[in-house]
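Here is the structure we will look at, set down as structure tokens.
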Amino acid sequence: DWSELPSAAASSTIRLDRMQAYIGGPKSLDTGLVRMPVRFAGVESIWGAVRKLGVERIGHGMRANEDPELVALLKQKRIPLEMCPISNIRTGVCESIKSHPIKQYFDDGLMVTVNSDDPAMFNTSMNDEYLTLVKRLGFTVDDLKQISMNGIEASFMPEANKIEMKALFEKEWA
């Protein structure tokens, strides 16, 4: 029952020992690949998600830039950061779009993806997210293509499906 998990919004850290109990330990074979939502939590929770849980994607990762060593690890291991700029502004996690770390992460070579989080709750869409990146943060069409490809690579699809999807995207972007 996921409803019993501690709320990241209610505390500054996520109890990784409790999370491990719910997912069956690091990269449990019967739960598949996991990700850790760390929108509100600090770098300790991101470190814990990577070290203790063995996650292969980080949900939000807004505060990763507080630790250069963590940023270096995320870059080296190509651990995707699922970024949701508009919801991060609307929830107050980030003060403004200009202060959102997505551009810094992207420019620093981290594998970022863009997501709409909960479109109905935050009144957004992927189009809105991409338009915001272009109009407010200076992303280019080529940057958006790379972010789209990152999303495919970071997905939990089988490798054959990823190859097929990337080829389709390449064709559409041409």
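The values are calculated or read from the model by the stated rules, or taken from the named source; none is laboratory data. These numbers come from a predicted model, not from an experiment. Ideal geometry is used to build each Cβ from the backbone, glycine not excepted, and the neighbour counts take in all protein chains shown. Quick note on the areas: whole protein, heavy atoms, side chains included, nothing else; ligands and nucleic acids left out. Shrake-Rupley method; radii C 1.70, N 1.55, O 1.52, S 1.80 Å.
Using the 1.4 Å probe convention, the accessible area of region 42-97 works out to 43 Å² per residue with neighbouring protein chains retained. Amide hydrogen proximity for Phe139: with H placed 1.01 Å from N in the peptide plane, the residues at 5 or more positions away or on another chain lying under 5 Å are Val134.
Out of region 50-123, which trypsin sites (Lys or Arg not before Pro) are coil in DSSP terms and have no more than 14 other C-beta atoms within 10 Å? In loop regions of region 50-123 (DSSP not H, G, I, E or B), the sparsely surrounded trypsin sites (Lys or Arg not before Pro) are Arg78. Under a 5 Å amide H cut-off, with hydrogens placed 1.01 Å from N, Arg57 pairs with Met36 among residues at least 5 apart or on other chains. The H on the amide N of Val112, modeled in the peptide plane, is under 5 Å from the matching H of Leu81, each at least 5 residues off or on a different chain. Remark: accessible surface ordering of Glu129, Glu44 (largest first) is Glu44, Glu129, probe radius 1.4 Å. Computed from backbone phi, the HN-Hα couplings of region 124-141 come to 9, 8, 4, 4, 4, 4, 5, 4, 5, 4, 6, 6, 9, 10, x, 5, 9, 4 Hz, rounded to whole numbers (Karplus: 6.51 cos²θ - 1.76 cosθ + 1.60, θ = phi - 60°; Gly and Pro given as x).
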